[in-house]
Structure formats: structure tokens, C-alpha cells
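Undergrad: Structure incoming, see below.
The values are calculated or read from the model by the stated rules, or taken from the named source; none is laboratory data. Since the model is a prediction, treat every value here as computed from it, not as a measurement. Here the Cβ positions follow ideal geometry from the backbone for every residue, glycine too, while neighbour counts run over all protein chains shown.
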Amino acid sequence: MSKCCCSPQQKAPTPSRGAEVSKLRYFGIGAAALALWGALYSVIEPLSRWITQSVFRLDAASPLGAAVEFFFYDTAKILLLLVLMVYVIGWLRAGLHVERVRDYLAGRGRGIGYLLGAGFGAVTPFCSCSSIPLFLGFTMARIPLGITMAFLITSPLVNEIAVVLLWGLLGWKFTVIYVVVGILAGVVGGIFMDAIRAERWLQPFLLDALKEGAPQYAPGQGEGAGRIGLRERHSFAWGEMTGIFRRVWLWVIIGVGLGAALHGFVPQQWFADNLGAGQWWSVPAAVAVGIPLYTNVTGIIPIMESLLLKGLPLGTTLAFCMSTVAASLPEVLMLKQVMRWKLLAVFLGMLLVLFTLVGWLFNGIQAQHII
């Protein structure tokens with residue numbers, strides 16, 4: 001007679017000694033890497049000062065010296081934070097099944113769905129272009145376009161990396177404001193897209209897919225996908241970290257370089273004179289200039305810091321930076337593959353209006369000394 005699965009003669013499997021050693025080795029290497037990261041992070045400031053003053057022999061008080069020190073300090077700081085945060089987030093997200101998130105979002109009420117779509121966008125470290133594959137997946141999963149748009153708008157604006165960097169650079173008050181405004185922008189944008197039935201302006205192949213029914217799961221991500229181990233988690237996190245690092249490191253350097261130039265050379269009064277709070281057109285002008293540019297929230301933060309230090313009003317700064325990371329010419333070219341021109345025009349126009357209103361609102365709040 002065969003034994004049942006609960007037979008006392010059958011012992012539960014136990015982890016092999018090799019697996020235990022592998023875990024000890026993994027966490028030991030991880031602890032050593034974290035200690036090295038901490039040591040490097042702690043010497044950024046004195047090393048930047050030494051490079052500026054001893055290697056380049058620049059006066060730290062001069063415009064060029066201030067710009068050079070700012071560049072080395074912020075570049076190293078952002079790249080180190082980027083490596084650590086993306087790896088940790090990737091490690092935690094390794095077991096996340098995208099289709100389960102889709103199913104969960106699709107089953108919620110519409111109002112809760114907007115918040116969940118924007119919230120999911122806020123915890124995914126994607127730039128405007130890398131958000132598009134998930135946007136396409138959500139659409140194929142028959143999630144309402146408004147909820148998907150809430151994700152698409154919020155994902156490049158807000159993520160854990162932005163929160164960490166903003167908190168360190170600008171303090172908790174501005175960080176909270178930025179996160180709340182970013183999520184609210186996604187929710188409002190999603191509501192608007194559903195209100196005008198924007199899904200009718202998707203490309204025909206997407207409209208056909210929406211009519212056909214259930215989504216198809218990618219191999220290895222379906223309902224039968226098993227739990228992954230440490231090796232797979234590390235591989236996923238390492239791939240996420242290296243992939244994102246390769247995509248954004250240049251934009252970090254460019255962003256910090258622009259921020260350093262603003263920090264060192266642009267007179268503070270220039271921004272107050274040309275994009276001041278008293279000039280109503282400055283906010284839509286800043287948004288219009290920012291929308292075509294391509295950067296990410298990590299690269300725009302040092303520019304945001306410099307603009308504020310140079311006297312640009314809070315609302316104008318916020319509107320410019322949000323428009324820069326929420327849309328870009330490369331994103332438009334990619335979105336054209338899934339949207340018709342009418343929907344693209346509505347999307348960009350909505351961002352222009354939305355961020356302009358945000359800028360006007362916060363310039364008004366700042367004028368009343370509420371912030």
C-alpha cells in the first residue's frame with residue numbers, strides 16, 4: 001500500500017548544507033558591500049572639496065570652484081544612492097508578479113483604482129520611457145485607460161529614489177509636497193482621460209485586443225510561477241540595477257552638470273527677473289520648455305535644488321521639473337506606437353494645463369508665506 005503524503009515515515013525536506021553556506025556567503029558579501037558603500041558615501045564631501053581645491057586649485061568661493069565642487073559632490077552622491085536603492089528595490093520586487101497587480105487593479109472600484117494606479121507608479125523606479133511597457137501591459141489587461149494613465153503620469157514623477165534624494169537635498173516639507181502633487185497629478189489625469197473616453201483614440205491593434213478579452217501571461221510570470229530563491233532574487237536585482245544605471249548615469253551627469261552651472265554661474269536675480277512669481281506667463285513657459293526635454297527624476301533633482309537656490313519661485317520650479325520628467329520626445333515617439341495623434345495631443349496638452357495650474361497654485365501659496 002502506498003504511503004500518504006502525511007506518513008510519519010516521510011521526513012520533511014531540509015535545506016542542504018550547501019544552501020546554508022550559500023546564504024551565509026551571500027549575506028556576508030552583502031554586508032561587506034554595504035560597509036564599502038557607507039565608507040564611500042562618507043568621504044564624498046571631503047573628497048569633492050579636495051579635488052576642487054587641491055587637484056584643480058580652485059577657490060571654493062569662486063563661481064567655477066563652487067560649480068566644480070557641486071558637480072563632484074552631487075554626482076557621486078546621486079550615483080551611489082542610485083546603485084543602492086535600485087538594487088534593494090529590485091530585490092524586494094523580484095517576487096512581484098505584474099499580472100497579479102493588473103488583476104488587483106482591474107478588480108477595484110474606479111476611484112480606488114486611480115489611487116492604486118498612481119500609487120503603483122510611485123513605487124516603481126521607471127523613467128517616462130521605461131514606463132511604457134507596463135502601460136501597454138495594463139492596457140492589454142483591459143484595465144481602464146484612466147487608471148493606466150494615472151500610472152503613466154506618476155511613475156516617472158515619484159519613486160523611492162526621488163524621495164530619498166529630495167529629502168536629503170531639500171528637506172521633508174518639499175519632499176512631501178512633491179510626492180502629494182505627483183500622485184494627485186496622476187489621479188486627476190486619469191479621471192480626465194476616462195471622462196473624455198480617451199481609449200477610443202488608442203491604436204487599432206490595442207482596440208482589437210481590448211475587445212478580444214483576457215490578457216496573456218508572459219512565460220514564467222503566470223499563475224503557476226513558483227517562488228524564487230536568493231540566486232534568482234540577486235540576478236533580478238543586479239539586472240535591474242545595472243540596466244537602470246546604464247540608462248540613467250549619463251542623464252545624472254548631465255543633470256548635475258546643468259545644476260552645477262546654475263549653482264556656480266547664473267546670477268540669482270536672473271531667475272527672479274525672468275521667471276518670477278509676478279509674471280503669469282512664466283509658469284506655462286517653463287512647462288512648455290520642460291515637456292520636450294528628456295531626463296528622469298534622479299537627474300532633475302539637483303537642477304531643482306539649484307533653481308530654488310537661484311530665486312526661482314517654488315511653483316515655477318515644480319512645474320518645470322515635473323514637466324521635464326513626465327514627458328519627453330523619446331516617450332512621444334514610443335507612445336505613438338500605441339496612441340493616435342489625437343490622444344498624444346490630449347495627453348501633452350493635459351500635462352501642460354495640469355502642471356501650469358500646479359505652478360500657479362504653489363506660487364500663490366509661497367506668496368502667502370504658507371510654505
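Undergrad: For the condition part of a helix (DSSP H, G or I) and free of Cβ contacts under 8 Å to residues at least 12 places away in the same chain, what is the one hit in GLY299, GLY349? Before you say what the answer is, go through the steps one by one.
TA: Details: GLY299 fails: free of Cβ contacts under 8 Å to residues at least 12 places away in the same chain.
After ruling out the rest, the residue left standing is GLY349.
Undergrad: Within the range 113-134, restricting attention to residues that are of a type in the set (Phe, Trp, Tyr) and either surrounded by fewer than 24 Cβ atoms within 10 Å (Cβ to Cβ) or out of contact with any helix residue (DSSP H, G or I) (no Cβ under 7 Å at 6 or more places or on another chain) (or both), which residue is modelled with the highest pLDDT?
TA: It comes out as PHE120.
Undergrad: Could you please find all residues in the range 337-346 being surrounded by 14 or more Cβ atoms within 10 Å (Cβ to Cβ) and in a loop (DSSP other than H, G, I, E, B)?
TA: Answer for the range 337-346, where residues must be surrounded by 14 or more Cβ atoms within 10 Å (Cβ to Cβ) and in a loop (DSSP other than H, G, I, E, B): VAL338, ARG340.
Undergrad: Give the residue, chosen from ALA209, ALA195, ALA218, that is closer than 20 Å to ILE143 by Cβ, out of contact with any Cys (no Cβ under 8 Å at 6 or more places or on another chain) and modelled with pLDDT of 80 or more. Talk me through it step by step, then tell me what you get.
TA: On the way: ALA209 fails: modelled with pLDDT of 80 or more; ALA218 fails: modelled with pLDDT of 80 or more.
Just a single option satisfies the conditions, and that option is ALA195.
Undergrad: Would you please name the residue that is modelled with the lowest pLDDT, looking only at residues in the range 328-371 that are under 22 Å from the mean Cα position of the chain (by Cα) and of a type outside the set (A, V, I, L, M, F, W, C)?
TA: PRO330
Undergrad: Does VAL180 fit the bill of being part of a helix (DSSP H, G or I), within 20 Å of VAL353 (Cβ to Cβ), free of Cβ contacts under 8 Å to residues at least 12 places away in the same chain and among the β-branched types (Val, Ile, Thr)?
TA: Here the answer is yes, as VAL180 does meet what is asked.
Undergrad: Which one is nearest to THR317 (Cα to Cα) among residues in the range 170-193 that are surrounded by 20 or more Cβ atoms within 10 Å (Cβ to Cβ) and not β-branched (Val, Ile, Thr)?
TA: TYR178
Undergrad: Determine which member of the set GLY290, GLY299, GLY311 is at positive phi, at pLDDT below 85 and in contact with a helix residue (DSSP H, G or I) (Cβ under 6 Å, 6 or more places away or on another chain).
TA: GLY311
Undergrad: Still on this model: Look at PHE174 and say whether it is closer than 15 Å to MET322 by Cα, of a type outside the set (D, E, K, R) and either modelled with pLDDT of 80 or more or not in a helix (DSSP H, G or I) (or both).
TA: no
Undergrad: Can you name the condition, by its number, that ILE44 falls short on among (1) within 28 Å of SER235 (Cα to Cα); (2) in contact (Cβ under 8 Å) with a residue 12 or more places away in the chain?
TA: Of the numbered conditions (1) within 28 Å of SER235 (Cα to Cα); (2) in contact (Cβ under 8 Å) with a residue 12 or more places away in the chain, the odd one out for ILE44 is (1).
Undergrad: Right, something else. Test THR154 against the criterion of being in contact with a Ser or Thr (Cβ under 6 Å, 6 or more places away or on another chain), modelled with pLDDT of 85 or more and either surrounded by 24 or more Cβ atoms within 10 Å (Cβ to Cβ) or within 17 Å of MET334 (Cβ to Cβ) (or both), and give yes or no.
TA: So THR154 fails the test.
Yes/no matrix, rows are residues, columns are (1) farther than 25 Å from LEU79 by Cα; (2) under 20 Å from the mean Cα position of the chain (by Cα); (3) hydroxyl-bearing (Ser, Thr, Tyr); (4) crowded, with 24+ Cβ neighbours inside 10 Å:
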residue: PRO284; (1), (2), (3), (4): yes, no, no, no
residue: VAL287; (1), (2), (3), (4): yes, yes, no, yes
residue: PRO292; (1), (2), (3), (4): no, yes, no, no
residue: THR298; (1), (2), (3), (4): no, yes, yes, yes
residue: ILE303; (1), (2), (3), (4): no, yes, no, yes
residue: LEU314; (1), (2), (3), (4): yes, no, no, no
residue: LEU318; (1), (2), (3), (4): no, yes, no, yes
residue: MET322; (1), (2), (3), (4): no, yes, no, yes
residue: ALA326; (1), (2), (3), (4): no, yes, no, yes
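Undergrad: Continuing with the same structure: Looking for something outside any helix (DSSP H, G or I) and in contact (Cβ under 8 Å) with a residue 24 or more places away in the chain - is there at least one such residue anywhere in the range 315-327?
TA: Yes.
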